[in-house]
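The values are calculated or read from the model by the stated rules, or taken from the named source; none is laboratory data. What you are looking at is a predicted structure, and each value in this text was computed from that prediction instead of being measured. Because the Cβ atoms are built from the backbone with ideal geometry, glycine has one as well, and the counts that use them run over all protein chains shown.
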Amino acid sequence: MRFHASTISRVSHLRNKAPISCQASAKPQSNHKQGCNFGIAFDIDGVILRGRVPIGGSPQALRRLYGDSGELSVPYLFLTNGGGVPETKRAKELSELLEVNIMASQVVQGHSPFRNLLKKFENELIIATGKGDPALVMSEYGFKKVLSLEEFASYFENIDPVSQYKKWTSMPLSNKKAPSVPIYDVSSERVMAAFVVSDPVDWGRDIQVLCDVLRSGGLLGDANNYQPPLYFAADDLEYQAAFPYKRLGMGAFRIALESVFNRTSAKSLEYVTYGKPNPFVFKNAEIILSQLRSSSCQNPYENNGVLGSQPFKTLYMIGDNPSVDVKGAQQAGHPWFSILTRTGVFRGKDNHTEFPADLVVDSVEEAVDYILKRECVESGS
């Protein structure tokens, strides 16, 4: 199915924008008490943080979305293609870094949609790879038989022919020993699916082992033409990390794996990718924002006595990557409004040529200021 972005009149992207005026009927209300008919989705890397350092006035910007008593006044969430840790842990980390109370329900990561595959693979053996703790992520979603790719590989001697040359390690070598008895009998139990939960750390090993698993139908050594399903949490080619210049993302790993697999296999690699700019991700975000409005925000809209059932007038996507954040908002269509910051992947003076945003700003603080003025809202702090 092809999705088309609805036509949205372009707001000037120049720095010297005309002031925004409110209609007389839309009198500003302190602390957002007029009700929330808009919501905000923030990208994280390159918008809110660079590495673990807040950027663009993000802590100040987020505090403006809370009331005087610390209650959430504007429904917002973080919509990121990143991940590698459970949403509960990411919410705690963000709360500490940004000095606001962030709930796990406000964190939507690239791998969050993997929950929807639980019914299909809940009791099947699966492998998961990526930075952080990919096996823990999948286990917390409810999958009962999960091995990290590192654990899986440790049960096969010499599966990585260059492992002895790898001097780097994430833990002391004395602690990095293969289990004497595998958790699961990987020599006879078939891997039913593979998940790339976050950016892989050891590309060489992961490409080799994934090719082994996928070419053998999930059982190493078996002559089976069936390829187990392969899922990627996102498909970003590049993203903004702590380093000043763009870094290769999960999409680059997918390209490398696909190239090797297709040149060494009779069949082409089959896979499913999630994350932005997939319109599904934006539709899911809209549902979560509606739930946040109903459960957390002051004075949520009522429609025939049903809290929060009134559709949003506008949903703002604030991101730094035109091909991911802006493209995704455009494909999702109404009521999404895209705002592009110059603090991450995008650094242009003017708007992006291929995926022009509805608004271009210098920072997330400027973006929030624009939104609150446009919605005729006075912030509490």
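Here residue 225 does not fit the description of being modelled with pLDDT of 95 or more, farther than 17 Å from residue 117 by Cβ and of a type in the set (S, T, N, Q). Counting residues that are touching a residue at least 40 places away in the same chain (Cβ under 8 Å), which strands (runs of 3 or more DSSP E) fully inside segment 59-152 reach at least 2? By residue number, 76-79, 125-129.
Entry remark, segment 135-149: residues being under 16 Å from residue 112 (Cβ atoms) and of a type in the set (D, E, K, R) number 1 in total. Given the structure, is residue 198 touching a Lys or Arg at 6+ places or on another chain (Cβ under 6 Å) and either modelled with pLDDT under 95 or of a type outside the set (A, V, I, L, M) (or both)? Against the criterion (touching a Lys or Arg at 6+ places or on another chain (Cβ under 6 Å) and either modelled with pLDDT under 95 or of a type outside the set (A, V, I, L, M) (or both)), residue 198 qualifies. For segment 273-280, the condition of being assigned to a strand (DSSP E or B) and within 30 Å of residue 201 (Cα to Cα) holds for at least one residue.
Can you pull out the residues in segment 290-305 that are modelled with pLDDT of 80 or more, surrounded by fewer than 19 Cβ atoms within 10 Å (Cβ to Cβ) and in contact with a Gly (Cβ under 7 Å, 6 or more places away or on another chain)? Across segment 290-305, the qualifying residue is only 294. Among the residues of this structure, residue 204 does not count as one that is surrounded by 22 or more Cβ atoms within 10 Å (Cβ to Cβ) and over 18 Å from residue 110 (Cβ atoms).
Is it fair to say residue 353 is among the polar types (S, T, N, Q), part of a loop (DSSP other than H, G, I, E, B) and within 23 Å of residue 98 (Cβ to Cβ)? Outline the logic, then answer.
Numbers: among the polar types (S, T, N, Q): yes; part of a loop (DSSP other than H, G, I, E, B): yes; within 23 Å of residue 98 (Cβ to Cβ): no.
Considered against the rule, which asks whether it is among the polar types (S, T, N, Q), part of a loop (DSSP other than H, G, I, E, B) and within 23 Å of residue 98 (Cβ to Cβ), residue 353 comes out as no.
Is segment 255-266 home to any residue that is touching a helix residue (DSSP H, G or I) at 6+ places or on another chain (Cβ under 6 Å), crowded, with 21+ Cβ neighbours inside 10 Å, in the same structural domain as residue 190 (by TED's automatic domain parsing) and not in a helix (DSSP H, G or I)? For segment 255-266, residues touching a helix residue (DSSP H, G or I) at 6+ places or on another chain (Cβ under 6 Å), crowded, with 21+ Cβ neighbours inside 10 Å, in the same structural domain as residue 190 (by TED's automatic domain parsing) and not in a helix (DSSP H, G or I): absent.
Every condition in (1) surrounded by 18 or more Cβ atoms within 10 Å (Cβ to Cβ); (2) at pLDDT 95 or above; (3) among the small types (Gly, Ala, Ser) is met by residue 241 except one, and the failing one is (2).
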